[in-house]
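I have placed the structure first, in the form of structure tokens, so that the comments after it can refer back to it.
The values are calculated or read from the model by the stated rules, or taken from the named source; none is laboratory data. This one's a predicted model, so the numbers in the text were calculated from it and none came from an experiment. All Cβ positions, even for glycine, are placed from backbone atoms using ideal geometry, and neighbour counts span all protein chains on display.
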Amino acid sequence: FFIMLKTCVQLVGLLTVFVSSQKLFTGHCPPVIAMEGFNRDRYMGIWYQQAAFKPFMKDEVSCTHFRYTPVAGGGFQVEGRKMARMTNGPVSVYGVAQPVNSSSKTSGKYVVTLFGELVNEVSSYTVLHTDYSEISVVWSCDPRYRLWNLQNVQVLTRQRTMNTTQLLASALRALLPKHLDMLFDNLSPVDQTQCEEILSM
């Protein structure tokens, strides 16, 4: 009975791969160093998701964007909205990001707790690169049962629409020095057109 229960728990854990924006990989999370000299206050504000992983069976989403506001302790509050085909309407997500190392004020490495209509999870949030005014490349990796890990890469921008070629080139430049370039082919564009209704809500 206990073996069956453990197996069921593991299967439920693995099924979260197919309803989140993460992909399953074998082994441990690679040791990746976040962007040096990260400035949380300059990073705050609205970011539009232009690309991310798109796992098998993932619900089609569009218009994904986030608003980050600072909180005490070096963290920030997360408010996100997107359009989801599963609900045929807007979906909201809320949460808070806290720095992994509270003594460091210039680290771009956080742990994010999110909850909402289609999500309830804790995930890493590592800023690989940002210029604060145009683009941010974020990587996450979360271990699962010592055998696998879930990874995701997000390309965020300050403007809702940008040149796709420029974005992908920036993402690849951010991944290469971190030895994460093998993740590049998993990126899928996020539709940011016809989003006026959700942006005005």
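Annotations
- Among residues of region 94-107 that are closer than 11 Å to Gly75 by Cβ, those with a Cβ under 7 angstrom from a residue that is at pLDDT below 95 and part of a strand (DSSP E or B), sequence gap 6+ or separate chain, pair up as Gly95/Leu114; Gly95/Phe115.
- Residue selected from region 85-98 under the condition among the small types (Gly, Ala, Ser) and crowded, with 18+ Cβ neighbours inside 10 Å, by the criterion nearest to Thr193 (Cα to Cα): Gly95
- Of the listed requirements (1) touching a residue at least 24 places away in the same chain (Cβ under 8 Å); (2) under 15 Å from the mean Cα position of the chain (by Cα); (3) within 25 Å of Met162 (Cβ to Cβ), Ala84 misses just one: (2).
- Of Trp139, Trp148, all but one fail to be within 20 Å of Glu36 (Cβ to Cβ) and touching a helix residue (DSSP H, G or I) at 6+ places or on another chain (Cβ under 9 Å); the exception is Trp139.
- Gly89 over 23 Å from Leu180 (Cβ atoms), of a type in the set (Gly, Ala, Ser) and touching a Ser or Thr at 6+ places or on another chain (Cβ under 9 Å): no
- The set of residues in region 168-194 that are closer than 29 Å to Pro90 by Cα and assigned to a loop (DSSP other than H, G, I, E, B) comprises Val190, Gln192, Thr193, Gln194.
- Sole residue being of a type in the set (Val, Ile, Thr), within 19 Å of Gln50 (Cα to Cα) and touching a Leu at 6+ places or on another chain (Cβ under 8 Å), chosen from Ile135, Ile198: Ile135
- Residue among Glu197, Glu121, Glu117 that is charged (D, E, K, R), touching a Cys at 6+ places or on another chain (Cβ under 9 Å) and within 24 Å of Asn88 (Cα to Cα): Glu197
So that you can scan it fast, the table gives a plain yes or no per residue for (1) in contact with a Phe, Trp or Tyr (Cβ under 6 Å, 6 or more places away or on another chain); (2) under 19 Å from His65 (Cα atoms); (3) at pLDDT 95 or above; (4) exposed (fewer than 13 other Cβ atoms within 10 Å of the Cβ):
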| residue | (1), (2), (3), (4) |
| --- | --- |
| Val100 | no, no, no, no |
| Leu147 | no, no, no, yes |
| Thr157 | yes, yes, yes, no |
| Leu168 | no, yes, no, no |
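Condition check ((1) within 24 Å of Leu24 (Cα to Cα); (2) hydrophobic (A, V, I, L, M, F, W, C)) across all residues:
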{"site": "Thr113", "(1), (2)": "yes, no"}
{"site": "Val119", "(1), (2)": "yes, yes"}
{"site": "Thr130", "(1), (2)": "no, no"}
{"site": "Val137", "(1), (2)": "yes, yes"}
{"site": "Pro143", "(1), (2)": "yes, no"}
{"site": "Arg146", "(1), (2)": "yes, no"}
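- When Ser133 is tested against (1) on the phi < 0 side of the Ramachandran plot; (2) touching a residue at least 40 places away in the same chain (Cβ under 8 Å); (3) hydroxyl-bearing (Ser, Thr, Tyr); (4) touching a helix residue (DSSP H, G or I) at 6+ places or on another chain (Cβ under 9 Å), only condition (2) is not met.
- Taken over region 50-81, residues that are hydroxyl-bearing (Ser, Thr, Tyr), at pLDDT 95 or above and within 16 Å of the chain's Cα centre (by Cα) amount to 1.
- Within region 142-171, residues that are farther than 21 Å from Gln194 by Cβ and acidic (Asp, Glu) sit with their Cβ atoms under 7 Å from residues that are at pLDDT 90 or above and crowded, with 17+ Cβ neighbours inside 10 Å, at 6+ positions apart or across chains, in these pairs: Asp142/Ser123; Asp142/Ser124; Asp142/Asn149; Asp142/Leu150.
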